[in-house]
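A.B. asks: One structure coming up, written as structure tokens, with questions to follow.
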Amino acid sequence: MPYAKIIGSGGYLPPRVVSNDELAADLATRHVETSDTWIVERTGIHQRHIADDGTTTSMLATKAAQAALDNAGISASEIDLIIVATSTPDFIFPSTACMVQANLGAIGGAAFDVQAVCSGFVYALTTADAYIQAGRAKTALVIGAEVFSSILDWSDRGTCVLFGDGAGAVVLQASNEPGIVGAHLGADGSQMGILSAAGNVSHGKVTGDPFLRMDGQAVFKLAVTSLAKSAHQVCEQAGIALADIDWLVPHQANLRIINFLGRKLGVPDSKVVVTVDQHANTSAASVPLAFDAARRDGRIKSGDMVMMQGVGGGFTWGSVLVKM
Ligand code: UT7
């Protein structure tokens, strides 16, 4: 059975950077009180990128995908599978993946979206890995992309300061050399209420609540425990010790969650990739953006063992182990 090897990665962040001070000043005009001090102390976030009106998830996804193709040195015509992880698709349908496929001119292969909120990228990566291992695809684009700013309630300071927009992508190719060596996914639908955007469009009207709602403390606790458990499960499955991990690339929601997780797993800070300070929480885009940043600045190198981890609404979680 072939392995799925990562042969390229790319990321794209919309150019508009909003600092905590800028956001706090803007929210003050809406009588919503927050501060740089609170945001940094509680989350580690200093800034986020926000898409301009009219910029959609498929646009961000296409730019990240093109960057990943360029990095891999292959053309779009070689892609026979595109999976986009997103909770903020451009439309009800067609899928964002089909729009990206058309934008890239990669017509012919399979293209579909995966919805697992902030765990979306690890769910999509695991799915693409299964396709490649089964011989059903040779070269796949796996993308996490979000315009999360479009589902934020800017009067809810408990959520609106936490998120940003962006996209990240990897190119996977069938190989005889190890690539993805382990994957573990999990979900607990009974916890759906702690993080949701429980709205819909029905008969031409928005029904329910179209904004993101979160019980922050419940999410915090479940995130740390489920990620720690998933890390142990995927290592056990792959026959790898946690000490053998060169880089941990966890979902970027909150620096305190990342620090708790690192301590629980005994992984030193020097092996943990952090971008939440610069990007905030970009949901399904957070893991591929962090992975790409660490790969491009030379931290993640060929031969390294990398663990990527996602956690989020559903409630969902998952871990993927990759030999670079
Ligand atoms: O991708 C997965 C999705 N999300 C997450 O992983 C997030 C998980 N949760 C968290 O990161 C944290 O729970 C938060 C950052 C959301 C909140 O931190 P916390 O330490 O749990 O704060 P809290 O909700 O207990 O609120 C503490 C205080 C409250 O005031 P009182 O009741 O103590 O007077 C809040 O009203 O902080 C207040 N507060 C704020 N103050 C200033 C909440 N949001 C803000 C804000 N600015 N933006």
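A.B. asks: Which ones in the range 8-38 are β-branched (V, I, T) and open to solvent by less than 50 Å² (accessible area, probe 1.4 Å)?
C.D. replies: As a first pass, look at the range 8-38 and keep what is β-branched (V, I, T): 17-18, 29, 32, 34, 37.
Hits for the range 8-38 are V18, V32, T34.
A.B. asks: Give the residue that is farthest from the chain's Cα centre (by Cα), with candidates limited to residues of the range 51-94 that are within 16 Å of the ligand (Cβ to nearest atom) and of a type outside the set (G, A, S).
C.D. replies: Looking only at the range 51-94, we keep the residues that are within 16 Å of the ligand (Cβ to nearest atom), and these are 85-88.
If we keep only those that are of a type outside the set (G, A, S) as well, we get 86, 88.
Details: T86: 8, T88: 12 Å.
So the residue we want is T88.
A.B. asks: Across the range 4-50, which residue is farthest from the ligand (Cβ to nearest atom) among those that are part of a loop (DSSP other than H, G, I, E, B) and under 25 Å from the mean Cα position of the chain (by Cα)?
C.D. replies: This residue is P15.
Yes/no matrix, rows are residues, columns are (1) exposed (fewer than 15 other Cβ atoms within 10 Å of the Cβ); (2) within 16 Å of the ligand (Cβ to nearest atom); (3) part of a loop (DSSP other than H, G, I, E, B):
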site: S155; (1), (2), (3): yes, yes, yes
site: G182; (1), (2), (3): no, no, no
site: S190; (1), (2), (3): yes, no, no
site: G193; (1), (2), (3): yes, yes, no
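A.B. asks: Sticking with this structure for a sec: So K271 passes all but one of these: (1) within 16 Å of the ligand (Cβ to nearest atom); (2) open to solvent by 40 Å² or more (accessible area, probe 1.4 Å); (3) in contact with a strand residue (DSSP E or B) (Cβ under 9 Å, 6 or more places away or on another chain); (4) of a type outside the set (S, T, Y). Which condition number does it fail?
C.D. replies: Going through (1) within 16 Å of the ligand (Cβ to nearest atom); (2) open to solvent by 40 Å² or more (accessible area, probe 1.4 Å); (3) in contact with a strand residue (DSSP E or B) (Cβ under 9 Å, 6 or more places away or on another chain); (4) of a type outside the set (S, T, Y) one by one, K271 breaks only (1).
A.B. asks: Can you name the condition, by its number, that A106 falls short on among (1) assigned to a loop (DSSP other than H, G, I, E, B); (2) away from the ligand (no atom under 16 Å from the Cβ); (3) surrounded by fewer than 18 Cβ atoms within 10 Å (Cβ to Cβ)?
C.D. replies: Condition not satisfied by A106: (3).
A.B. asks: Tell me, yes or no, whether the range 216-231 has at least one residue that is open to solvent by 30 Å² or more (accessible area, probe 1.4 Å), more than 16 Å from the ligand (Cβ to nearest atom), assigned to a helix (DSSP H, G or I) and in contact with a strand residue (DSSP E or B) (Cβ under 6 Å, 6 or more places away or on another chain).
C.D. replies: no
A.B. asks: Can you tell me how many residues in the range 157-176 are in contact with a strand residue (DSSP E or B) (Cβ under 7 Å, 6 or more places away or on another chain), within 11 Å of the ligand (Cβ to nearest atom) and assigned to a loop (DSSP other than H, G, I, E, B)?
C.D. replies: 1
A.B. asks: Being part of a helix (DSSP H, G or I) and within 16 Å of the ligand (Cβ to nearest atom) narrows it down to one of R256, R263, so name that one.
C.D. replies: Going through R256, R263 in turn, just one is part of a helix (DSSP H, G or I) and within 16 Å of the ligand (Cβ to nearest atom): R256.
A.B. asks: Restricting to the range 71-105, count the residues that are β-branched (V, I, T) and over 16 Å from A137 (Cα atoms).
C.D. replies: 5
A.B. asks: Then there's this: Is it true that G164 is open to solvent by 30 Å² or more (accessible area, probe 1.4 Å), modelled with pLDDT of 95 or more and either out of contact with any Gly (no Cβ under 6 Å at 6 or more places or on another chain) or not assigned by TED's automatic domain parsing to the domain that holds R295 (or both)?
C.D. replies: For G164, the condition - open to solvent by 30 Å² or more (accessible area, probe 1.4 Å), modelled with pLDDT of 95 or more and either out of contact with any Gly (no Cβ under 6 Å at 6 or more places or on another chain) or not assigned by TED's automatic domain parsing to the domain that holds R295 (or both) - is not met.
A.B. asks: Sticking with this structure for a sec: In the range 285-296, is there at least one residue being surrounded by fewer than 24 Cβ atoms within 10 Å (Cβ to Cβ) and either in a loop (DSSP other than H, G, I, E, B) or within 16 Å of the ligand (Cβ to nearest atom) (or both)?
C.D. replies: For the range 285-296, residues surrounded by fewer than 24 Cβ atoms within 10 Å (Cβ to Cβ) and either in a loop (DSSP other than H, G, I, E, B) or within 16 Å of the ligand (Cβ to nearest atom) (or both): absent.
A.B. asks: A further question on this structure: Of the numbered conditions (1) closer than 17 Å to L172 by Cα; (2) at pLDDT below 95, R30 satisfies every one except a single condition; which is it?
C.D. replies: (1)
A.B. asks: Considering only residues that are within 16 Å of the ligand (Cβ to nearest atom) and part of a loop (DSSP other than H, G, I, E, B), look in the range 297-324 and name the one that is nearest to the chain's Cα centre (by Cα). Don't jump to the end; show me each part of the working.
C.D. replies: Pass one, the range 297-324, residues within 16 Å of the ligand (Cβ to nearest atom): 308-319.
Add one more test, that the residue is part of a loop (DSSP other than H, G, I, E, B), and what stays is 313-315.
Values: G313: 12, G314: 15, F315: 15 Å.
The residue in question is G313.
A.B. asks: Mind listing just one residue for me: the one in the range 120-153 that is polar (S, T, N, Q) and over 16 Å from I180 (Cβ atoms) and, of those, least open to solvent (accessible area, probe 1.4 Å)? Working first, answer last.
C.D. replies: Within the range 120-153, the first condition is being polar (S, T, N, Q), and the residues that meet it are 126-127, 133, 139, 149-150.
If we keep only those that are over 16 Å from I180 (Cβ atoms) too, we end up with 149-150.
Details: S149: 19, S150: 76 Å².
Per the criteria, the residue is S149.
A.B. asks: Restricting to the range 64-80, and then to whatever is of a type in the set (A, V, I, L, M), in contact with a strand residue (DSSP E or B) (Cβ under 7 Å, 6 or more places away or on another chain) and in a helix (DSSP H, G or I), can you tell me which residue is farthest from A97 (Cα to Cα)?
C.D. replies: Checked the range 64-80; the qualifying residue farthest from A97 (Cα to Cα) is A72.
The values are calculated or read from the model by the stated rules, or taken from the named source; none is laboratory data. What you see is a predicted model; the values in this text were computed from it and never measured. We place every Cβ from the backbone using ideal geometry, glycine too, and count neighbours over all the protein chains shown. Surface areas here come from the heavy atoms of the whole protein model, side chains and all, with no ligands, DNA or RNA. Shrake-Rupley method; radii C 1.70, N 1.55, O 1.52, S 1.80 Å.
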